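The values are calculated or read from the model by the stated rules, or taken from the named source; none is laboratory data. None of these values were measured; they are calculated from a predicted model. As a convention, Cβ positions derive from the backbone with ideal geometry for all residues, glycine included, and neighbour counts pool all protein chains shown. Surface areas here come from the heavy atoms of the whole protein model, side chains and all, with no ligands, DNA or RNA. Shrake-Rupley method; radii C 1.70, N 1.55, O 1.52, S 1.80 Å.
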Amino acid sequence: MMNQREKSVFYRQLSVMLESGLPLLVALDNLASGSLPAPLKNAFWQVHQQVAAGGSFSTAMEKVFTGLLEPLEISTIRVGERSGHLPEALKNLATYFEFLTGLRTRMLTGLLYPVILLHAAIIIPAVPLLILRGPMAFFSAIIPFFVLFYSPIIIIRLIPANKIAPLRGFTDEAVLHAPVLGKLLCSLALLRFYQAWLCLYSAGVSILEALDLAARATGNKAIETSLLQSQFPMRQGKSLTESLLTNRYLSPEVRELIKTGELSGRLEETLGHLVTTTQQEVNTLVERMVTVLPVVVYLLVAAYVGFVVVSFYAGYFREINSLLQ
(Lines give C-alpha, C1' and ligand atoms only; values in the text may rest on other atoms or scores of the structure.)
Protein backbone atom coordinates (compact mmCIF):
# COMPACT_ATOMS: atom_id res chain seq x y z
CA MET A 1 0.00 0.00 0.00
CA MET A 2 2.85 2.42 0.83
CA ASN A 3 6.16 2.16 -1.05
CA GLN A 4 9.46 3.84 -0.14
CA ARG A 5 8.72 7.03 -2.07
CA GLU A 6 5.30 7.39 -0.45
CA LYS A 7 6.84 6.74 2.97
CA SER A 8 9.43 9.48 2.44
CA VAL A 9 6.71 11.97 1.43
CA PHE A 10 4.44 10.98 4.33
CA TYR A 11 7.12 11.21 7.01
CA ARG A 12 8.45 14.52 5.61
CA GLN A 13 5.01 16.15 5.41
CA LEU A 14 3.98 14.95 8.85
CA SER A 15 7.26 16.08 10.45
CA VAL A 16 6.95 19.56 8.89
CA MET A 17 3.36 19.96 10.10
CA LEU A 18 4.24 18.80 13.63
CA GLU A 19 7.27 21.10 13.77
CA SER A 20 5.07 24.03 12.76
CA GLY A 21 2.95 23.40 15.85
CA LEU A 22 -0.03 21.55 14.40
CA PRO A 23 -1.51 18.84 16.67
CA LEU A 24 -1.07 15.26 15.45
CA LEU A 25 -4.79 14.79 14.78
CA VAL A 26 -4.96 17.95 12.67
CA ALA A 27 -1.86 16.89 10.72
CA LEU A 28 -3.33 13.43 10.05
CA ASP A 29 -6.63 15.01 9.01
CA ASN A 30 -4.77 17.23 6.50
CA LEU A 31 -3.00 14.18 5.06
CA ALA A 32 -6.22 12.18 4.85
CA SER A 33 -7.96 15.00 2.99
CA GLY A 34 -5.03 15.72 0.65
CA SER A 35 -4.41 14.68 -2.94
CA LEU A 36 -3.34 11.12 -2.20
CA PRO A 37 -4.44 7.82 -3.76
CA ALA A 38 -7.71 6.59 -2.27
CA PRO A 39 -6.19 3.57 -0.43
CA LEU A 40 -3.64 5.82 1.33
CA LYS A 41 -6.25 8.46 2.24
CA ASN A 42 -8.42 5.73 3.72
CA ALA A 43 -5.47 4.29 5.66
CA PHE A 44 -4.50 7.68 7.12
CA TRP A 45 -8.13 8.27 8.08
CA GLN A 46 -8.13 4.95 9.96
CA VAL A 47 -4.95 6.03 11.78
CA HIS A 48 -6.65 9.35 12.60
CA GLN A 49 -9.70 7.57 14.04
CA GLN A 50 -7.61 5.25 16.22
CA VAL A 51 -5.53 8.13 17.60
CA ALA A 52 -8.70 10.17 18.20
CA ALA A 53 -10.10 7.21 20.14
CA GLY A 54 -7.15 7.39 22.53
CA GLY A 55 -4.69 5.00 20.87
CA SER A 56 -1.05 5.79 20.31
CA PHE A 57 0.17 6.89 16.90
CA SER A 58 2.75 4.07 16.68
CA THR A 59 0.16 1.39 17.54
CA ALA A 60 -2.30 2.81 15.02
CA MET A 61 0.36 2.84 12.28
CA GLU A 62 1.34 -0.74 13.10
CA LYS A 63 -2.27 -1.94 12.94
CA VAL A 64 -3.31 -0.08 9.79
CA PHE A 65 -0.13 -0.82 7.83
CA THR A 66 0.28 -4.40 9.06
CA GLY A 67 3.31 -6.01 7.43
CA LEU A 68 4.15 -2.90 5.39
CA LEU A 69 6.30 -1.07 7.92
CA GLU A 70 9.81 -2.13 8.86
CA PRO A 71 10.53 -2.79 12.56
CA LEU A 72 12.85 0.22 12.63
CA GLU A 73 9.93 2.47 11.58
CA ILE A 74 7.65 1.25 14.35
CA SER A 75 10.40 1.50 16.97
CA THR A 76 11.51 4.96 15.83
CA ILE A 77 7.94 6.29 15.86
CA ARG A 78 7.15 4.66 19.22
CA VAL A 79 10.22 6.01 20.98
CA GLY A 80 9.88 9.45 19.34
CA GLU A 81 6.27 9.58 20.50
CA ARG A 82 7.11 8.62 24.08
CA SER A 83 10.08 10.99 24.34
CA GLY A 84 8.24 13.97 22.83
CA HIS A 85 10.61 14.09 19.83
CA LEU A 86 8.24 12.69 17.22
CA PRO A 87 8.94 15.41 14.58
CA GLU A 88 12.68 14.70 14.73
CA ALA A 89 12.09 10.93 14.53
CA LEU A 90 9.83 11.35 11.50
CA LYS A 91 12.37 13.65 9.85
CA ASN A 92 15.07 11.00 10.24
CA LEU A 93 12.78 8.38 8.69
CA ALA A 94 12.00 10.75 5.81
CA THR A 95 15.70 11.26 5.15
CA TYR A 96 16.28 7.51 5.25
CA PHE A 97 13.58 6.69 2.70
CA GLU A 98 14.40 9.72 0.50
CA PHE A 99 17.92 8.45 0.03
CA LEU A 100 16.78 4.89 -0.72
CA THR A 101 14.24 6.19 -3.23
CA GLY A 102 16.80 8.41 -4.96
CA LEU A 103 19.36 5.64 -5.10
CA ARG A 104 16.85 3.17 -6.56
CA THR A 105 15.83 5.72 -9.20
CA ARG A 106 19.45 6.38 -10.22
CA MET A 107 20.21 2.67 -10.50
CA LEU A 108 17.09 1.91 -12.56
CA THR A 109 17.78 4.87 -14.85
CA GLY A 110 21.40 3.85 -15.31
CA LEU A 111 20.53 0.22 -16.04
CA LEU A 112 17.72 1.01 -18.47
CA TYR A 113 20.02 1.60 -21.46
CA PRO A 114 22.07 -1.63 -21.01
CA VAL A 115 18.86 -3.69 -20.67
CA ILE A 116 17.36 -2.17 -23.83
CA LEU A 117 20.65 -2.74 -25.63
CA LEU A 118 20.73 -6.40 -24.61
CA HIS A 119 17.20 -6.95 -25.89
CA ALA A 120 18.06 -5.19 -29.14
CA ALA A 121 21.13 -7.40 -29.51
CA ILE A 122 18.91 -10.47 -29.27
CA ILE A 123 16.15 -9.29 -31.60
CA ILE A 124 17.90 -7.29 -34.35
CA PRO A 125 20.30 -10.01 -35.61
CA ALA A 126 17.32 -12.39 -35.92
CA VAL A 127 15.26 -10.01 -38.09
CA PRO A 128 16.67 -11.46 -41.38
CA LEU A 129 15.31 -14.86 -40.29
CA LEU A 130 11.86 -13.31 -39.95
CA ILE A 131 12.07 -11.99 -43.50
CA LEU A 132 13.70 -15.00 -45.14
CA ARG A 133 12.32 -17.96 -43.19
CA GLY A 134 9.24 -16.70 -41.39
CA PRO A 135 8.09 -16.19 -37.77
CA MET A 136 8.86 -19.72 -36.57
CA ALA A 137 12.55 -19.42 -37.42
CA PHE A 138 12.65 -15.93 -35.88
CA PHE A 139 11.10 -16.98 -32.57
CA SER A 140 13.17 -20.17 -32.47
CA ALA A 141 16.28 -17.98 -32.63
CA ILE A 142 15.37 -15.44 -29.93
CA ILE A 143 13.37 -17.49 -27.41
CA PRO A 144 16.39 -19.43 -26.01
CA PHE A 145 18.14 -16.13 -25.19
CA PHE A 146 15.07 -14.73 -23.40
CA VAL A 147 14.62 -18.00 -21.50
CA LEU A 148 18.25 -17.80 -20.38
CA PHE A 149 17.82 -14.14 -19.42
CA TYR A 150 14.50 -14.32 -17.56
CA SER A 151 14.33 -17.88 -16.21
CA PRO A 152 16.35 -17.13 -13.01
CA ILE A 153 14.00 -14.23 -12.19
CA ILE A 154 10.89 -16.32 -12.87
CA ILE A 155 12.20 -19.25 -10.81
CA ILE A 156 12.99 -17.00 -7.83
CA ARG A 157 9.51 -15.44 -8.04
CA LEU A 158 7.79 -18.83 -8.14
CA ILE A 159 9.70 -20.43 -5.27
CA PRO A 160 7.89 -19.86 -1.92
CA ALA A 161 9.65 -17.44 0.43
CA ASN A 162 10.04 -20.10 3.14
CA LYS A 163 12.00 -22.26 0.68
CA ILE A 164 14.38 -19.44 -0.25
CA ALA A 165 14.98 -18.23 3.31
CA PRO A 166 17.47 -20.99 4.27
CA LEU A 167 19.58 -20.10 1.22
CA ARG A 168 19.59 -16.35 1.84
CA GLY A 169 22.73 -16.41 3.96
CA PHE A 170 24.69 -18.29 1.30
CA THR A 171 23.45 -16.27 -1.69
CA ASP A 172 23.80 -12.92 0.09
CA GLU A 173 27.35 -13.82 1.07
CA ALA A 174 28.16 -14.91 -2.49
CA VAL A 175 26.96 -11.67 -4.13
CA LEU A 176 29.23 -9.65 -1.83
CA HIS A 177 32.23 -11.20 -3.59
CA ALA A 178 31.05 -10.22 -7.09
CA PRO A 179 33.32 -7.68 -8.84
CA VAL A 180 32.13 -4.05 -8.45
CA LEU A 181 28.55 -5.09 -7.65
CA GLY A 182 29.65 -6.83 -4.44
CA LYS A 183 31.29 -3.71 -3.05
CA LEU A 184 28.24 -1.64 -3.96
CA LEU A 185 25.84 -4.07 -2.26
CA CYS A 186 28.03 -4.21 0.86
CA SER A 187 28.25 -0.41 1.08
CA LEU A 188 24.51 -0.09 0.52
CA ALA A 189 23.72 -2.64 3.25
CA LEU A 190 26.02 -0.83 5.69
CA LEU A 191 24.46 2.50 4.74
CA ARG A 192 21.01 1.13 5.59
CA PHE A 193 22.47 -0.10 8.87
CA TYR A 194 24.04 3.26 9.81
CA GLN A 195 20.95 5.23 8.75
CA ALA A 196 18.58 2.93 10.63
CA TRP A 197 20.84 2.98 13.70
CA LEU A 198 20.92 6.79 13.59
CA CYS A 199 17.11 6.99 13.26
CA LEU A 200 16.59 4.72 16.24
CA TYR A 201 19.35 6.04 18.49
CA SER A 202 18.51 9.71 17.91
CA ALA A 203 14.87 8.91 18.76
CA GLY A 204 15.97 7.54 22.14
CA VAL A 205 16.17 3.79 21.53
CA SER A 206 18.85 2.08 23.62
CA ILE A 207 22.13 1.18 21.88
CA LEU A 208 21.47 -2.55 22.16
CA GLU A 209 17.91 -2.42 20.80
CA ALA A 210 18.92 0.06 18.09
CA LEU A 211 21.78 -2.21 17.02
CA ASP A 212 19.41 -5.18 16.83
CA LEU A 213 16.76 -3.43 14.72
CA ALA A 214 19.28 -1.63 12.52
CA ALA A 215 21.04 -4.92 11.71
CA ARG A 216 17.73 -6.33 10.47
CA ALA A 217 17.35 -3.36 8.10
CA THR A 218 20.51 -4.08 6.08
CA GLY A 219 18.75 -6.19 3.46
CA ASN A 220 21.65 -8.65 3.37
CA LYS A 221 21.33 -11.79 5.50
CA ALA A 222 25.09 -12.39 5.79
CA ILE A 223 25.80 -8.87 7.07
CA GLU A 224 22.69 -8.96 9.27
CA THR A 225 23.81 -12.19 10.96
CA SER A 226 27.30 -10.84 11.53
CA LEU A 227 25.98 -7.64 13.12
CA LEU A 228 23.43 -9.47 15.26
CA GLN A 229 26.23 -11.62 16.68
CA SER A 230 27.77 -8.42 18.05
CA GLN A 231 24.93 -8.21 20.58
CA PHE A 232 26.16 -11.19 22.57
CA PRO A 233 29.33 -9.54 23.94
CA MET A 234 27.28 -6.42 24.83
CA ARG A 235 24.78 -8.55 26.77
CA GLN A 236 27.76 -9.93 28.70
CA GLY A 237 28.90 -6.44 29.69
CA LYS A 238 31.33 -5.63 26.88
CA SER A 239 31.45 -2.15 25.40
CA LEU A 240 30.07 -1.34 21.95
CA THR A 241 33.58 -1.01 20.55
CA GLU A 242 34.67 -4.36 21.96
CA SER A 243 31.53 -6.03 20.61
CA LEU A 244 32.13 -4.77 17.07
CA LEU A 245 35.87 -5.43 17.13
CA THR A 246 35.74 -8.73 15.23
CA ASN A 247 33.04 -7.78 12.73
CA ARG A 248 34.58 -8.35 9.31
CA TYR A 249 32.21 -6.03 7.47
CA LEU A 250 33.17 -2.95 9.46
CA SER A 251 36.52 -1.47 8.47
CA PRO A 252 39.11 -0.53 11.14
CA GLU A 253 38.42 3.15 10.37
CA VAL A 254 34.70 2.68 11.06
CA ARG A 255 35.37 0.82 14.30
CA GLU A 256 37.75 3.60 15.38
CA LEU A 257 35.11 6.23 14.66
CA ILE A 258 32.49 4.32 16.67
CA LYS A 259 34.99 3.98 19.52
CA THR A 260 35.60 7.73 19.50
CA GLY A 261 31.86 8.43 19.46
CA GLU A 262 31.25 6.02 22.32
CA LEU A 263 34.04 7.40 24.52
CA SER A 264 33.16 11.03 23.84
CA GLY A 265 29.42 10.52 24.28
CA ARG A 266 28.80 11.81 20.75
CA LEU A 267 27.75 8.56 19.10
CA GLU A 268 24.82 10.23 17.32
CA GLU A 269 27.19 12.68 15.62
CA THR A 270 29.50 9.81 14.69
CA LEU A 271 26.65 7.86 13.11
CA GLY A 272 25.64 10.96 11.15
CA HIS A 273 29.20 11.21 9.83
CA LEU A 274 29.18 7.51 8.87
CA VAL A 275 25.89 7.99 7.01
CA THR A 276 27.29 10.95 5.07
CA THR A 277 30.57 9.29 4.10
CA THR A 278 28.88 6.00 3.18
CA GLN A 279 26.32 7.87 1.07
CA GLN A 280 29.20 9.47 -0.83
CA GLU A 281 30.81 6.07 -1.31
CA VAL A 282 27.56 4.51 -2.56
CA ASN A 283 26.94 7.44 -4.92
CA THR A 284 30.46 7.08 -6.34
CA LEU A 285 30.04 3.33 -6.87
CA VAL A 286 26.63 3.79 -8.50
CA GLU A 287 27.94 6.48 -10.84
CA ARG A 288 30.87 4.27 -11.75
CA MET A 289 28.62 1.30 -12.42
CA VAL A 290 26.07 3.17 -14.54
CA THR A 291 28.93 4.77 -16.49
CA VAL A 292 31.02 1.67 -17.16
CA LEU A 293 28.27 -0.94 -17.54
CA PRO A 294 26.64 0.56 -20.66
CA VAL A 295 30.06 0.77 -22.34
CA VAL A 296 30.82 -2.87 -21.52
CA VAL A 297 27.41 -3.99 -22.74
CA TYR A 298 27.77 -1.91 -25.91
CA LEU A 299 31.16 -3.48 -26.71
CA LEU A 300 29.80 -6.99 -26.09
CA VAL A 301 26.77 -6.32 -28.26
CA ALA A 302 28.94 -4.82 -31.01
CA ALA A 303 31.17 -7.90 -30.94
CA TYR A 304 28.14 -10.19 -31.05
CA VAL A 305 26.51 -8.31 -33.93
CA GLY A 306 29.84 -8.33 -35.79
CA PHE A 307 30.08 -12.06 -35.30
CA VAL A 308 26.54 -12.56 -36.61
CA VAL A 309 27.18 -10.37 -39.67
CA VAL A 310 30.45 -12.13 -40.49
CA SER A 311 28.81 -15.54 -40.03
CA PHE A 312 25.92 -14.52 -42.27
CA TYR A 313 28.13 -13.34 -45.12
CA ALA A 314 30.49 -16.28 -44.73
CA GLY A 315 27.54 -18.64 -45.15
CA TYR A 316 26.21 -16.54 -48.04
CA PHE A 317 29.52 -16.73 -49.92
CA ARG A 318 29.79 -20.46 -49.26
CA GLU A 319 26.40 -20.97 -50.88
CA ILE A 320 27.46 -18.87 -53.91
CA ASN A 321 30.69 -20.88 -54.25
CA SER A 322 28.79 -24.15 -54.05
CA LEU A 323 26.41 -22.96 -56.77
CA LEU A 324 29.30 -21.87 -59.04
CA GLN A 325 31.01 -25.19 -58.63
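Among Gln236, Gln49, Gln280, which one shows the biggest mean-square fluctuation in a GNM of the chain, springs joining Cα atoms closer than 10 Å?
Its mean-square fluctuation being the largest, the pick is Gln236.
If you average the sequence gap of Cα pairs under 8 Å that are 6 or more apart and divide by the length of the stretch 1-152, what percent do you get for the contact order? It would help to have the intermediate numbers written out before the result.
Working: 114 pairs, mean separation 36.9, N = 152.
Across the stretch 1-152, relative contact order equals 24 percent.
Gaussian network model of the chain, Cα springs within a sub-10 Å range: biggest mean-square fluctuation belongs to which of Pro294, Pro23, Pro135?
For the chain, modelled as a Gaussian network with Cα springs under 10 Å, the answer is Pro135.
Run down the lysines and flag those whose C-alpha is under 21 Å from the C-alpha of Lys259, throwing out any fewer than 8 positions away in its chain.
Counting by Cα, and skipping residues close in sequence, Lys259 has these lysines nearby: Lys238.
Evaluate the relative contact order of the chain (contact order divided by residue number), counting alpha-carbon pairs under 8 angstrom at least 6 apart; express in whole percent.
18
Under a point spin-label approximation (7 Å from Cα along Cα-to-Cβ), what is the Ser311-Lys63 distance to one decimal in nm?
With each label placed 7 Å out from Cα toward Cβ, I get 6.4 nm.
Mind checking which of Ala217, Ala302, Ala94 has the largest fluctuation in a GNM of the chain, springs on alpha carbons under 10 Å?
For the chain, modelled as a Gaussian network with Cα springs under 10 Å, the answer is Ala302.
Please give the charge dipole size of the chain, origin at the Cα centre, charges +1 on K and R Cβ atoms and -1 on D and E Cβ atoms. Round to the nearest 20 debye.
720
Taking all protein chains in place and a 1.4 Å probe, what share, in percent, of the accessible surface of the chain do carbon and sulfur account for? Walk me through the numbers before you get to the answer.
Working: 11810 of 18250 Å².
Percent of accessible area from carbon and sulfur atoms in the chain: 65.
Can you compute the helix-only [θ] at 222 nm over the chain? Use -39500 (n - 2.57) per DSSP H run of at least 4 residues, normalise by all residues, nearest 500 deg cm²/dmol. Write out the running numbers ahead of the final one.
Details: 16 runs with 264 residues, N = 325.
Here the helix-only value at 222 nm equals -27000 deg cm²/dmol.
Straight-line reach from Lys63: which lysines fall under 30 Å, measuring Cα to Cα and dropping same-chain residues less than 8 apart?
Leaving aside lysines fewer than 8 places away in the same chain, those within reach of Lys63 are Lys7, Lys41, Lys91, Lys163, Lys221.
Sorted by accessible area (1.4 Å probe), largest first, how do Cys186, Cys199 line up?
Values: Cys186 30, Cys199 0 Å².
So, going from the largest accessible area down, we get Cys186, Cys199.
Which of the helices in the chain, when you take each full DSSP H run, stretch at least 15 Å along the axis at their Cα atoms and have an average Kyte-Doolittle score of -1.0 or higher?
Numbers: long enough: 4-19 (22 Å, -0.57); 38-52 (21 Å, -0.21); 71-83 (18 Å, -0.25); 86-123 (54 Å, 0.91); 135-158 (30 Å, 1.92); 161-175 (20 Å, -0.06); 181-203 (33 Å, 1.14); 252-264 (18 Å, -0.47); 267-324 (84 Å, 0.89).
Taking the DSSP H segments of the chain (at least 15 Å long, mean hydropathy at least -1.0), we get 4-19, 38-52, 71-83, 86-123, 135-158, 161-175, 181-203, 252-264, 267-324.
Roll a 1.4 Å probe over the protein chains and send me the accessible area per residue for the chain in Å². Please list the in-between numbers first.
Working: 18250 Å² over 325 residues.
Here the per-residue accessible area is 56 Å².
Of Val295, Gly54, Gly219, which is farthest towards the positive pole of the chain's charge dipole, taken about the Cα centre with +1 and -1 on the beta-carbons of Lys, Arg and Asp, Glu respectively?
Checking the options against the dipole of the chain, the answer is Val295.
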